[in-house]
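The structure appears right after this line, and notes come after that.
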């Protein structure tokens, strides 16, 4: 892997503009003097011809090439992979073959078969890989981890989590199962699962989930609302509302809240809460202006620091947990489909009778 | 400020002399070091302990400190600011000064003029301008989101600092709750809603508790209420504001916007933990980064020496209004 690049800007390739986060990452990376950014978005995107591709790159002020091959030939120091969910595994393979360290949008994959394939590939090429899970970089989460390690929380008994958002309708592929791999479960279970994984290290063993399409019924053949309850090996239960239930007219995208009950006490964290609140007299709508640390900015900074060798890549930890989380999502989808509690595939023996 | 000629810029690493080692020094020294400055500390007491906790070196005397630095950061009790700023300027140093710039308005104007005459930067540390909620308010108002401002409210409450540092209780030295604490909100009110024409105020004090209620009329016609408490030792520090204009309203409360609510017993396992916050997200860090950047690039920071003097004028006017019971009308501004 590349080590020190001190003295010259890092070349970062933005592989696809499919994900809504691609724009966010592009804006942040473009504003950094230590980064050269080049983008491509060659996959078909008939649903959004004007909001993707070269015209989007232009409006973001990012240089553009026509193909993944051209972008790879530019020899980027790192790749930010923001393709559609089901297109990412193939792109990861191309990046691995060229030895380009990757920050990939979550989830790692949409099926455990794909997740296994990606895991083998990453190991074979010894590819530095990082998942785009920005809430990890919150100071509040660091504090939770320290409290947990210090025993202030005691053993975690349960976690009740809300990670709801607006339907990401600027990109219609999110509700096209062929490209998204699913709906709300695929899109929004993973953040909380990852935080729980990092907090407790516990292993998810079974999942019960329900979903529906009451909201946005025309959006596609995927659930737009979802509730999942996950049982862990130690007996901990985690429940997550991952619905796309935040109204389109809401002032911001949504949020992530955890209530953690431990044997020594309870703590609630509302990660994206801080904001000014009010009403706009012009629109009649609520006015909310969030402030505080930009976690995307911090996550990208961590990626750049890794590329410069200033921080260690933790690919193995990331992969193991990411692959396991893919299994949980798959189990949630199956549970919602069948109405049964589903074992997480790596640990079938743990399902209660 | 428009010093003539423009102050010569410094190159990194900055050589900073921190004068004072009290409470606020803990919010300056670690950030200055994080910004890569070489810091020398001088204080009548506490300098050794401060340096042992964070780093830097100490100077046994003020002259020794002045020999080793290009910038002086004044974090001493308020009544000593004026003389230290003048001494530093006379030795050709740039100055960062904790707010209030000085205890009195006339003296504050005098040090601003001294800095301009000396061709040196004088940067008052009004840290609340660097708290993200206030910075967000300022940009929303400047962007016209709220239209023409009509009425603003700001509150700031906490435990009185007078137990830990008795000089705060002496109004001659500190200016009390208005000049020491509410100067923040007076500065923000002027920053957001523009120059002030009239100041009225009333204060109450019973037992160890002090409160102050200040009313401002801005030149624009907007009116502002500023309220503050120095309360009992167990009071949680909290702030809030509400700003309403012709096109809308924005409010904030530090209590209700806090991300964490906990029911934890920290007295047992693990003992007392120092809360971990990202130091680079600290408003004190952001403030010192911007102020020191002005010293090396000349790029104006969001607060200048004249702002510092104006904030003192608003605060001492409120103090006067509270004493006389009559509004103070400000000329110019």
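The values are calculated or read from the model by the stated rules, or taken from the named source; none is laboratory data. Fair warning: this is a prediction, and the values are worked out from it, not measured in the lab. As a convention, Cβ positions derive from the backbone with ideal geometry for all residues, glycine included, and neighbour counts pool all protein chains shown.
Tabulated results
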read-out: Some residue of segment B:231-254 being buried (at least 16 other Cβ atoms within 10 Å of the Cβ) and within 30 Å of residue A:151 (Cβ to Cβ); value: yes
read-out: Flag if residue A:286 is under 23 Å from the mean Cα position of the chain (by Cα), more than 7 Å from every other protein chain (Cβ to nearest Cβ) and within 28 Å of residue B:248 (Cβ to Cβ); value: no
read-out: Filter result (more than 17 Å from residue A:181 (Cβ to Cβ) and assigned to a helix (DSSP H, G or I)) within segment A:94-118; value: A:94, A:95, A:96, A:97
read-out: Condition met for residue B:289 (more than 10 Å from every other protein chain (Cβ to nearest Cβ), under 27 Å from residue B:31 (Cα atoms) and modelled with pLDDT of 90 or more); value: yes
read-out: Residues within segment A:108-149 that are in contact with a strand residue (DSSP E or B) (Cβ under 8 Å, 6 or more places away or on another chain) and away from chain B (no Cβ under 13 Å), tallied; value: 8
read-out: Candidates A:152, A:157 - the one that is surrounded by fewer than 21 Cβ atoms within 10 Å (Cβ to Cβ), within 14 Å of chain B (Cβ to nearest Cβ) and touching a residue at least 40 places away in the same chain (Cβ under 8 Å); value: A:157
read-out: Helices (runs of 4 or more DSSP H) within segment B:61-178 that include 1 or more residues touching a strand residue (DSSP E or B) at 6+ places or on another chain (Cβ under 6 Å), within 14 Å of chain A (Cβ to nearest Cβ) and surrounded by 18 or more Cβ atoms within 10 Å (Cβ to Cβ); value: B:132-142
read-out: Of the criteria (1) farther than 21 Å from residue A:321 by Cβ; (2) surrounded by 21 or more Cβ atoms within 10 Å (Cβ to Cβ); (3) within 18 Å of the chain's Cα centre (by Cα), which one residue A:184 fails; value: (1)
read-out: Residues that are more than 18 Å from residue B:146 (Cα to Cα) and at the interface with chain A (Cβ under 7 Å from one of its Cβ atoms), drawn from segment B:243-255; value: none
read-out: Residues of segment A:73-86 satisfying the condition of being out of contact with any helix residue (DSSP H, G or I) (no Cβ under 7 Å at 6 or more places or on another chain) and either surrounded by fewer than 20 Cβ atoms within 10 Å (Cβ to Cβ) or not in a loop (DSSP other than H, G, I, E, B) (or both); value: A:73, A:74, A:75
read-out: Residue count, segment A:298-307 (criterion: within 11 Å of another protein chain (Cβ to nearest Cβ) and over 19 Å from residue B:259 (Cα atoms)); value: 1
read-out: Odd one out for residue A:219 among (1) in contact with a strand residue (DSSP E or B) (Cβ under 7 Å, 6 or more places away or on another chain); (2) surrounded by 16 or more Cβ atoms within 10 Å (Cβ to Cβ); value: (1)
read-out: Test for residue B:224: is it within 23 Å of residue B:135 (Cα to Cα) and under 23 Å from the mean Cα position of the chain (by Cα); value: yes
read-out: Residue in segment B:191-198 that is more than 14 Å from chain A (Cβ to nearest Cβ), surrounded by fewer than 23 Cβ atoms within 10 Å (Cβ to Cβ) and either at pLDDT below 95 or in a helix (DSSP H, G or I) (or both) present; value: yes
read-out: Yes/no for residue B:190 being more than 22 Å from residue B:131 (Cβ to Cβ) and touching a strand residue (DSSP E or B) at 6+ places or on another chain (Cβ under 8 Å); value: no
read-out: Residues (assigned to a strand (DSSP E or B) and surrounded by fewer than 16 Cβ atoms within 10 Å (Cβ to Cβ)) located in segment A:30-72; value: A:63
read-out: One residue from B:139, B:200 being within 12 Å of residue B:224 (Cβ to Cβ) and over 19 Å from the mean Cα position of the chain (by Cα); value: B:200
read-out: Failed condition for residue A:248, given (1) out of contact with any strand residue (DSSP E or B) (no Cβ under 6 Å at 6 or more places or on another chain); (2) under 30 Å from residue B:143 (Cα atoms); (3) within 14 Å of chain B (Cβ to nearest Cβ); value: (3)
read-out: Residues that are assigned to a helix (DSSP H, G or I) and under 15 Å from residue A:313 (Cα atoms), drawn from segment A:119-135; value: A:122, A:123, A:125
read-out: Search result, residues across segment B:256-280 that are under 19 Å from residue A:293 (Cβ atoms), in contact with a helix residue (DSSP H, G or I) (Cβ under 7 Å, 6 or more places away or on another chain) and either within 7 Å of chain A (Cβ to nearest Cβ) or modelled with pLDDT of 85 or more (or both); value: B:259, B:260, B:275, B:276, B:277, B:278
read-out: Test: residue in segment B:240-255 that is under 18 Å from the mean Cα position of the chain (by Cα) and in a strand (DSSP E or B); value: yes
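Condition check ((1) part of a loop (DSSP other than H, G, I, E, B); (2) within 21 Å of residue A:241 (Cβ to Cβ)) across all residues:
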{"position": "A:259", "(1), (2)": "no, yes"}
{"position": "A:267", "(1), (2)": "no, yes"}
{"position": "A:278", "(1), (2)": "no, no"}
{"position": "A:289", "(1), (2)": "no, no"}
{"position": "A:306", "(1), (2)": "no, no"}
{"position": "A:309", "(1), (2)": "yes, no"}
{"position": "A:317", "(1), (2)": "no, no"}
{"position": "A:322", "(1), (2)": "no, no"}
{"position": "A:325", "(1), (2)": "no, yes"}
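Conditions (1) more than 27 Å from residue B:306 (Cβ to Cβ); (2) surrounded by 15 or more Cβ atoms within 10 Å (Cβ to Cβ); (3) in contact with a helix residue (DSSP H, G or I) (Cβ under 6 Å, 6 or more places away or on another chain), marked per residue:
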| position | (1), (2), (3) |
| --- | --- |
| B:6 | no, no, no |
| B:17 | no, yes, yes |
| B:26 | yes, yes, no |
| B:30 | yes, yes, yes |
| B:44 | yes, no, no |
| B:51 | yes, yes, no |
